[in-house]
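Everything below concerns the one structure shown next.
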Amino acid sequence: MPFNFCPRCGHELVLREKDDRRLRPTCPQCGFTHYANPALAVGVLLTDDRNRFCLVLRGEEPRKGYWGLPAGFMEGDESAEAGAVRECLEETGLEVALDGLHAVYSYQHANRHTSGLLILYRAHVIGGSPRAGTDTTDVKFFAADEITVEMLAFETHRQAIQEIFACSE
Ligand SMILES: [Zn+2]
């Protein structure tokens, strides 16, 4: 169970079956129900004029020391597109323009009871210069044959990269 106590009144939560037959942490005192909705992550497949892909080296856990696509969690007061552009700027120092939706990926961490969606947009650089950001320690553009599945931090990123390579072969 992700939460033990009610965030509204502080009472201990109990597992109750709701109308949809799923067991959900529920507050017997005030009626609050915790719905474990997926987290929303947004990111970019950023390519340069030589068709190389931008990756960032992660400086924070999880997956510190592995490379990832510029991506992060959406804030509650922004659109998915704005979030993707913002995350890219924060992690790479590059201002980008989006070129449309690439794909949407689902992920699940069974052991942590969490799940999410990664929404990836295609993008190109319109300004700024590459520099490591708040939770990244390097920014680099890689040719397709320089990227290996093993160096990538997340399954969703591996999936995206593999699909692109499969298409271009
Ligand atoms: Zn409560």
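A short reminder: the numbers here are calculations on the coordinates, not readings from a lab. Here the structure is a predicted model, which is why all the values come from computation and not from measurement. Using ideal geometry, Cβ is built from the backbone for each residue, glycine included, and neighbour counts are taken over all protein chains shown.
Here are the numbers:
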read-out	value
Choice from Leu13, Leu94, Leu57 showing the highest fluctuation, given a GNM over the chain with Cα pairs closer than 10 Å	Leu13
Value of relative contact order over the chain, rounded to a whole percent, pairs C-alpha under 8 Å and six or more apart	23
Residue of Val56, Val125, Val85 that the Gaussian network model of the chain assigns the largest fluctuation, springs spanning Cα pairs under 10 Å	Val125
Where only C-alpha atoms are counted, convex hull volume of the range 39-168 per residue in Å³	106
The chain - share of DSSP beta bridges that are antiparallel (%, nearest 5)	75
Gyration tensor (alpha-carbon) shape descriptor, the range 49-90, a/c threshold 1.5	oblate
Asp20-Thr114 pseudo-label distance in nm [points 7 Å out on the Cα-to-Cβ vector]	2.0
Rounded to the nearest 20 debye, dipole of the chain from Cβ charges on Lys, Arg, Asp, Glu	640
Karplus-derived 3J(HN,Hα), 6.51/-1.76/1.60, for each residue of the range 90-103, Hz, glycine and proline x	5, 8, 10, x, 9, 7, 10, 10, 7, 10, x, 6, 8, 5
Residue (of Ser129, Gly72, Phe3) at the positive-pole extreme of the chain, dipole from beta-carbon charges	Phe3
Spatial separation of Cα centroids for the range 1-32 and the range 62-137, in angstrom	32
Segment Arg131-Glu61, extension gain: residue separation times 0.36 nm, minus the distance between their alpha carbons	23.3 nm
Long-range Cα-Cα pairs in the range 43-112 (distance over 15 Å), rounded percent	60
Simple label model, 7 Å out from Cα along Cβ direction - Asn37 to Glu146, nm	4.0
Using alpha-carbon coordinates, inclination of helix 155-168 to the longest axis of the chain, degrees	40
Unit charges at the beta carbon, dipole of the chain: most positive-side option, Val104, Pro28, Ala82	Pro28
Helical contribution to [θ] at 222 nm, DSSP H n ≥ 4, -39,500 (n - 2.57), averaged over the chain, rounded to 500	-5000 deg cm²/dmol
